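The values are calculated or read from the model by the stated rules, or taken from the named source; none is laboratory data. Since the model is a prediction, treat every value here as computed from it, not as a measurement. Glycine gets a Cβ as well: all are built from the backbone with ideal geometry, and neighbour counts include every protein chain shown.
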Amino acid sequence: MKTALLSLALALLPALALGAPDPEVVAARQAQLEALRGQVAGQIQLQAYDLLDELVFGWTLEPPFALETPVVLADVTVPVGFGSGLSALVENHFAGLITKNPKARVVLAHCPQCTSVVVQSGAKGTIVARGVDLPDALGKAGALSGAKHALFLDFEVEGASLVLRARITSLEPALPIVFAKTLSTSTSTPALLRAEEGLKSASEARKEYLEALEGRGLLLVPVRFGVRTYAANDDDWSGGGVMATPMIWLQVGVEASLTQARAWTGSFSVGGSWMPEMHTAWMLQARVARLLTGSVSSLTYPDLYGFVGGSMISVHGQSALAFSEETLTIENLAPQLIEGAVIKPHAAFAAFAVGLELRVKNRISVIAFLEAMPFLDSPSIGSYLDLSLVNFRSFGAEVSFCF
């Protein structure tokens, strides 16, 4: 009896020492396991996509067929534990790759009989299996779908590597293999995450990436070609106004990235404008821009910036008459209009701009802006947009090239 009680006490000792498991601890452990499983599943999915990208990219370089050929996606197998969800994602990604890369010369054909359960009866008995497991049934299914070839995609985890075994078989009773390839990648290596269209090799992708990084240097040299127009003053009844001539500008300057990801930029430029018999003009300009389409500039999509800036403009010649603050009369114009006159019209004023810039890869951009000239009181210049506090009297557009 004592021996039995001692044995029971020894058996209950671990339970008494540890006590009953805390439900909150169990729930926390299960949550951690699910999070870890989701992370691993995501890595496996990206690696599977990467292997499919490499497979189709190889087909674009060396197609498995001489002409476009219908192929049935007969079977997709994934590592145990990931279920049909991963299989569906792999099928969708592969279908997108084939559709967007016609150079592979592989056309997917619809074949529901290939994955459904079929029954084949013969003199030796009746077989119930999937279409892919019965060569005769698979051949008939392929004939019904118009395809004469079937593709098998098998994913397996071997150690730290994810392996893709792809093979294309002819839909004949013997299922002869016409193409086979095995690809492998380490699950610890980040996937390339290539776009489905325009597949590139790893070396080409790295080259483009380095070129894009070079375009993200601290300093750029923008060259801008632009035009400025000034609103006519329709409310001027004095008859002393002069229509302002649109001015074409060439600007060169330097632009600096104020943040690591080019979310903020600042630029300074000098510009000139010249029109025969009309004017010679100079400008000093500074701008500060903020990225509006995200927190970092994109390597693949256009970036939209909003900016504010200030300019000092000096105009010499007949075009400067439009910026005169005096009412123009014959008496004050005559000395300036005489040929060879020493005194030529001149105007200098400040302008403050607000605008948008659409830029592609830090190389080329299109710019539109409005300018206010609060210290210029000319009867010739009207208003494009009057916001009471700010009166925008000039509109401009530019095309910029960055070097």
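Being in contact with a Leu (Cβ under 7 Å, 6 or more places away or on another chain), of a type in the set (S, T, N, Q) and modelled with pLDDT under 90 is a property that does not hold for Thr126. Among the residues of region 300-325, just one is under 30 Å from Glu208 (Cα atoms) and charged (D, E, K, R), namely Asp303. Of the residues making up region 341-356, just one is modelled with pLDDT under 85 and in contact with a Leu (Cβ under 6 Å, 6 or more places away or on another chain), namely Pro345. If I filter region 110-117 for residues that are among the aliphatic types (A, V, I, L, M) and either in a helix (DSSP H, G or I) or crowded, with 17+ Cβ neighbours inside 10 Å (or both), do I get at least one hit? No, region 110-117 contains no residue that is among the aliphatic types (A, V, I, L, M) and either in a helix (DSSP H, G or I) or crowded, with 17+ Cβ neighbours inside 10 Å (or both). The condition of being closer than 14 Å to Leu151 by Cα, touching a residue at least 12 places away in the same chain (Cβ under 8 Å), hydrophobic (A, V, I, L, M, F, W, C) and buried (at least 16 other Cβ atoms within 10 Å of the Cβ) holds for only one of Val72, Val78, that being Val72.
Scan region 41-55 and tell me whether some residue there is part of a loop (DSSP other than H, G, I, E, B), out of contact with any strand residue (DSSP E or B) (no Cβ under 8 Å at 6 or more places or on another chain), surrounded by 14 or more Cβ atoms within 10 Å (Cβ to Cβ) and not polar (S, T, N, Q). No, every residue in region 41-55 fails to be part of a loop (DSSP other than H, G, I, E, B), out of contact with any strand residue (DSSP E or B) (no Cβ under 8 Å at 6 or more places or on another chain), surrounded by 14 or more Cβ atoms within 10 Å (Cβ to Cβ) and not polar (S, T, N, Q). Restricting region 95-109 to residues that are out of contact with any strand residue (DSSP E or B) (no Cβ under 7 Å at 6 or more places or on another chain) and part of a helix (DSSP H, G or I), the residue that is farthest from Phe65 (Cα to Cα) is Gly96.
For region 361-403, a residue qualifies if it is of a type in the set (Phe, Trp, Tyr) and closer than 20 Å to Ala351 by Cα, and the qualifying residues are Phe369, Phe375, Tyr384, Phe392, Phe395. Give region 293-340 a look and list any residue that's at pLDDT below 80 and not in a helix (DSSP H, G or I), or say none. If the condition is that a residue be at pLDDT below 80 and not in a helix (DSSP H, G or I), then Leu299, Thr300, Glu325, Glu326, Thr327, Leu328, Thr329, Ile338, Glu339, Gly340 are the ones that fit.
Contact map, region 384-403: residues that are among the basic types (Lys, Arg) paired with residues that are assigned to a loop (DSSP other than H, G, I, E, B) and modelled with pLDDT under 95, Cβ distance under 8 Å, separation 6+ or inter-chain. Pairs shown: Arg393/Ala231; Arg393/Met373; Arg393/Leu376; Arg393/Gly382; Arg393/Ser383; Arg393/Tyr384. Within region 252-272, the residues that satisfy the criterion of being of a type outside the set (A, V, I, L, M, F, W, C), surrounded by 14 or more Cβ atoms within 10 Å (Cβ to Cβ) and without any contact (Cβ under 8 Å) to a residue 40 or more places away in the chain are Gly253, Gly266. Of all residues in region 341-379, those being in contact with an Asp or Glu (Cβ under 9 Å, 6 or more places away or on another chain) and of a type in the set (Phe, Trp, Tyr) number 2.
Taking the criterion of being in contact with a Leu (Cβ under 8 Å, 6 or more places away or on another chain), crowded, with 20+ Cβ neighbours inside 10 Å and modelled with pLDDT under 90, the only residue of region 357-378 that qualifies is Asn362.
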